[in-house]
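Comments concern the structure below.
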2 protein chains.
Amino acid sequence: MPAKAILISIGDEILYGQTLDTNSHWISGELDSLGIRVMKKVTIGDTKEEILSCLAESEKLAEMVLITGGLGPTNDDLTKPCLVEYFDTHLVQNKSMLENIQKLFEKAGREMSELNEKQADMPANCTPIANVIGTAPGMWFERNGKVIVSMPGVPYEMKRMMKDTILPKLKEMFIEDGIYHRMIRTIGIPESVLAQKIKDWEDSLPKHIKLAYLPTMGSVKLRLTTSEETKAIKQEVQDQIDKVLPTIEKYVYGFDDDEIEEVIGRALKNSGLTLAVAESCTGGYLSHKITSIPGSSGWFNGAFVPYSNKLKNQQLKVDEKIILEHGAVSEPVVLALAKNVREEFMSDVGVSISGVAGPGGGTKEKPVGTVWIGYSDKKKTVAKKFQFTKDRGINIQYSALAALNMIRINLDKD
Amino acid sequence: MPAKAILISIGDEILYGQTLDTNSHWISGELDSLGIRVMKKVTIGDTKEEILSCLAESEKLAEMVLITGGLGPTNDDLTKPCLVEYFDTHLVQNKSMLENIQKLFEKAGREMSELNEKQADMPANCTPIANVIGTAPGMWFERNGKVIVSMPGVPYEMKRMMKDTILPKLKEMFIEDGIYHRMIRTIGIPESVLAQKIKDWEDSLPKHIKLAYLPTMGSVKLRLTTSEETKAIKQEVQDQIDKVLPTIEKYVYGFDDDEIEEVIGRALKNSGLTLAVAESCTGGYLSHKITSIPGSSGWFNGAFVPYSNKLKNQQLKVDEKIILEHGAVSEPVVLALAKNVREEFMSDVGVSISGVAGPGGGTKEKPVGTVWIGYSDKKKTVAKKFQFTKDRGINIQYSALAALNMIRINLDKD
């Protein structure tokens, strides 16, 4: 049985919908890769009673409780006083934590406030965890073989603390064997169609290999899980993957942690090719996705975001007549944009997107969600039309994903 | 006392850290604006026992329980069977839901599978909620004046269902008076410095006005909350805002729901000005943030993302000698980029970003996190250097935010 964890996020701002909690998402992934099972995540407000009762309940159910948030210097931050009460202890100023906070202020050339000084007061029964990039130290409590950890809610401070101190300590205390995942990543096929296609294979899976469908925006991931991580099990899972692959090969863009933009990046790099993008309705999002990958400058030359029609014809030499005759959202325009951005940006592959993201701009012929995508390399220039949703944000994401998939498919063909 | 809600997200993929739960974040904001208090959010896995015990506990504590996820057509989706067991009922095929699913498949020109047909089977005691854009209907249960709602986990299906059906029904059942928030949004000042600056004002606040500091990436929001929404209370809160404003005016970019990109958009639109962007290390993210605003095409002409140095001098005519002498991350380069993108893209304002996002590319003189930002309008061209973090993702976000703030400050000056 893997060790169990409960994550508690504290903060009214999360309950009120003003802050998106990405901390518990990141922590889940890290614990999962250690083989610790997150059994529950709870978000509660800055309210003493709720924090105390949630702590008590969680300590009963899991071997470790990881808390984020509520450690700021201001009065609405209640995590530390609650932990003091929960463990029936008191605060003591910790010199090393104080020095750390002082150093931070010196480095920034700012004066330290009284509120910040108080952040060095630590519950007497905890092991303080240094925060090298922020003013709120973490706290590590242990009793009866169980661990309760409190961390700041600022994501990069929490991550640094987890990586440097908490994950290594948890690994040492709790990890014997683990959980083993493999993932097959598909794009361009709905979950139910995929399920039908692989039904026979799914039914034939041995009981100790669990299959899950993880649909996300425009893509479905198939996850195979076992609770053992032996060499034999790993091979067995690989054999099952090899068995199902021929049935769904054209939809599979990668495995495990592969993101489609990374898969394309590797393919371009391995072939010594470079990419340029002209994106209108996605407004920079495709380029942002691509450049989120460290090292993308090795194969990505750049992007042009023509939000006004004037820019399309002036900068990328798309004939004004074509735009007037067919409209900016049309096959001839994305063909020209893909070819021209490839040439103008001195690249091997060019991709273009032009569509009606919404909410405005839709017509009867081209309703909101109509998107044309163009692809051009030295051998061919092609385009494809897509009809997405009524939602601007979703259309932007789908369009970028479809453009990436179009690059993948066309690179494969060459 | 406002009505209380508990949100339950169901899905192993969330606990394993493979899917970021944005649903509960969105639902929180919607309920909050209705005056419903989300007291807790819980995420649990696809496990019968945990779903059942979480349902029982939540029904005890809150007037409404909103569930997302676990309604897919495949075998690992357990929400519906659990609800059937929880309410001790059975499934009945619902004709109208079946027709709806059939229509969706007809429209898509695809064949309906047996698995999808089963999605029209509904617990006998619930009111089914039509899903006009997906195959999983929602379910509305009522007993003893309390409500339990189950919705699909696909964000845009859930949102549509909430907007069309669930929110109006909850409003009718539960809303008498409400919760009233006002927000002051600041940028460029750390939480603790802000807290010191407004300490006297904070201490003088009447007890029925609660203040909270909500720090997010590069900005701190001050939220004033009251549990009443009378005209007198609204005026009292406004008076308190007017009282504190002079102390922090230069850091305040907006109020309530204002996003900085919207504030800038309004300012540009009102002055009849247009904007163009040349962004290197942010790789399209600034442009993406700007174009996420519907209607941004009215004042945003476009962006150029020169990821390779070659593009900088070829497309935006930055003298190659300047790049060779000072490097791409330098004051002269961002000055030239801002000016040239403004002129080349026929815009009134030009903004440029060039920096070392990391993880690679840092040097002793220009370590990771060094970012130059340029601003140019008809009267002046200026640049500013920033030193951000070691984290690529954070540097990209901070840089875009700093560029937006630089536009705000310089537009104000004109």
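With the alpha-carbon atoms as the only input, what is the per residue convex hull volume for region A:163-203 in Å³? Could the numbers behind the result be given before it?
Numbers: hull volume 5.3 nm³, N = 41.
Spread over its residues, the Cα hull of region A:163-203 gives 130 Å³ apiece.
Determine the shielding of peptide B:21-28 by partner chains: average, over its residues, the number of Cβ atoms on other chains within 10 angstrom of each Cβ.
Average per residue, whole number: 5.
Using a label point 7 Å beyond Cα on the Cα-Cβ vector, give me the inter-copy distances for B:Glu320 in nanometres, one decimal, shortest first.
Computed spacing set for this position: 3.3 nm.
How would you rank A:289-301, A:375-387, highest first, on the average number of other Cβ atoms within 10 Å across their residues? Walk me through the intermediate numbers first.
On the way: A:289-301: 20.7, A:375-387: 16.7.
Order by mean packing, descending: A:289-301, A:375-387.
Over the whole of B:288-298, what's the average partner chain Cβ count within 10 Å per residue? Rounded to a whole number, please.
On the way: counts 12, 4, 4, 12, 7, 2, 7, 3, 2, 9, 2.
Taking all residues of B:288-298 together, the mean is 6.
What do the square roots of 5 times the Cα gyration tensor eigenvalues come to for region A:262-413, in whole Å, largest first, as semi-axes of the equivalent ellipsoid? Don't jump to the answer; show the numbers that get you there.
On the way: eigenvalues 112, 58, 34 Å².
Ellipsoid semi-axes (Å, largest first): 24, 17, 13.
Can you list the copy-to-copy distances for A:Ala267, using a point 7 angstrom from Cα toward Cβ, in nanometres, shortest first?
Here A:Ala267 shows inter-copy label distances of 4.3 nm.
Quick check on chain B: helices-only [θ] at 222 nm, where DSSP H runs of length 4 and up contribute -39,500 (n - 2.57) each and the sum goes over total residues. Nearest 500, please.
On the way: 17 runs with 171 residues, N = 414.
Using -39500 (n - 2.57) per qualifying helix, the result is -12000 deg cm²/dmol.
I need the fraction of alpha carbon pairs in region B:180-255 separated by more than 15 Å, rounded to a whole percent.
Details: 1452 of 2850 pairs.
In whole percent, the share of Cα-Cα pairs in region B:180-255 beyond 15 Å is 51.
Name the long-range amide H neighbours of A:Thr19: under 5 Å, sequence gap of 5 or more, or other chain; modelled H, no Pro or chain starts.
Distant-sequence amide H within range of A:Thr19: A:Ile14.
Can you tell me which of A:Gly45, A:Gly35, A:Gly17 moves the most in a GNM of chain A? Springs connect C-alpha atoms under 10 Å apart.
A:Gly17
Tilt of helix B:331-344 relative to the longest C-alpha principal axis of chain B, in degrees (0 to 90, nearest 10)?
Tilt of helix B:331-344: around 70 degrees.
I need the P(r) histogram for region A:221-270: all alpha carbon pairs, bin width 5 Å from 0 out to the longest distance, whole percents.
Going out from 0 Å in 5 Å bins, region A:221-270 shows 4, 16, 22, 21, 18, 13, 5, 0 percent.
Given labels modelled 7 Å from the Cα in the Cβ direction, how far is it in nm from A:Asp88 to A:Ile189?
Distance between label points: 6.0 nm.
Cut-off 10 angstrom, C-alpha nodes, Gaussian network model of chain A. Which of A:Leu34, A:Leu104, A:Leu268 fluctuates the most?
Greatest mean-square fluctuation among the candidates belongs to A:Leu104.
What FRET efficiency comes out for the pair A:Ala124/A:Lys60, r = Cβ-Cβ distance, R0 = 25 Å, nearest 0.05? Could the numbers behind the result be given before it?
Numbers: r = 24 Å, r/R0 = 0.95.
My answer for the efficiency is 0.55.
Tell me whether region A:9-88 comes out rounded, prolate or oblate; compute the Cα gyration tensor, take square roots of the eigenvalues as a ≥ b ≥ c, and use a/c under 1.5 as the rounded threshold.
Working: a/c = 2.03, a/b = 1.25, b/c = 1.62.
Taking the square roots of the gyration eigenvalues as a ≥ b ≥ c, region A:9-88 is oblate.
Going by alpha carbons, how many degrees (0 to 90, nearest 10) lie between the helix axis of A:48-61 and the longest principal axis of chain A?
The helix A:48-61 is inclined about 90 degrees to chain A.
With no solvent and one point on each alpha carbon, what is the Debye value of log10 I(q)/I(0) for chain B at q = 0.08, 0.10 Å⁻¹?
Computed log10 I(q)/I(0) values: -0.62, -0.89.
Quick one: which of B:109-116, B:258-265, B:307-314 comes out on top by average Cβ neighbours within 10 Å, and what's the full order, highest first?
On the way: B:109-116: 14.5, B:258-265: 18.9, B:307-314: 20.5.
Ranked from most to least packed, the peptides come out as B:307-314, B:258-265, B:109-116.
Sort the protein assembly as shown into rounded, prolate or oblate with this rule: let a ≥ b ≥ c be the square roots of the eigenvalues of the Cα gyration tensor; rounded if a/c is under 1.5, and if a/c is not under 1.5, prolate when a/b is larger than b/c, oblate otherwise. Write down the numbers at each step before the final one.
Numbers: a/c = 1.42, a/b = 1.08, b/c = 1.31.
Note, shape of the protein assembly as shown comes out rounded.
With each pseudo-label sitting 7 Å past Cα toward Cβ, what's the B:Lys390-A:Asp258 distance in nm, one decimal?
Computed distance between label sites B:Lys390 and A:Asp258 equals 3.2 nm.
So for region A:109-172, Kirkwood radius off the Cα pairs, Stokes-Einstein at 25 °C and 0.890 mPa s: how many µm² s⁻¹?
Numbers: Rh = 12.7 Å.
Once the numbers are plugged in, D ends up at 193 µm²/s.
Got a sec? Charge dipole of chain A, +1 on Cβ for Lys and Arg, -1 for Asp and Glu; which of A:Pro332, A:Val65, A:Asn395 is way out at the positive end?
A:Pro332
Let me know the mean shielding of A:192-202 by other chains, meaning the per-residue number of their Cβ atoms within 10 Å of its Cβ. List each step's numbers first, then the result.
Values: counts 12, 5, 1, 7, 6, 0, 0, 3, 0, 0, 2.
Whole-number average of other-chain Cβ neighbours for A:192-202 is 3.
Over all directions, average the projected area of the Cα convex hull of region B:4-174 and note it in nm². Show your work: numbers first, answer last.
Details: hull surface 37.5 nm².
Orientation-averaged projected area of the Cα hull: 9.4 nm².
Which angle between 0 and 90 degrees, to the nearest 10, do you get for helix B:392-413 versus the longest principal axis of chain B when only C-alpha atoms count?
Long axis of B:392-413 versus the principal axis of chain B: about 60 degrees.
Throughout, read-outs are computed from the coordinates displayed, never taken from laboratory work. In this text the structure is predicted, and so the values were computed from the model without any measurement. Virtual Cβ from ideal backbone geometry, glycine too; neighbours counted across all protein chains shown.
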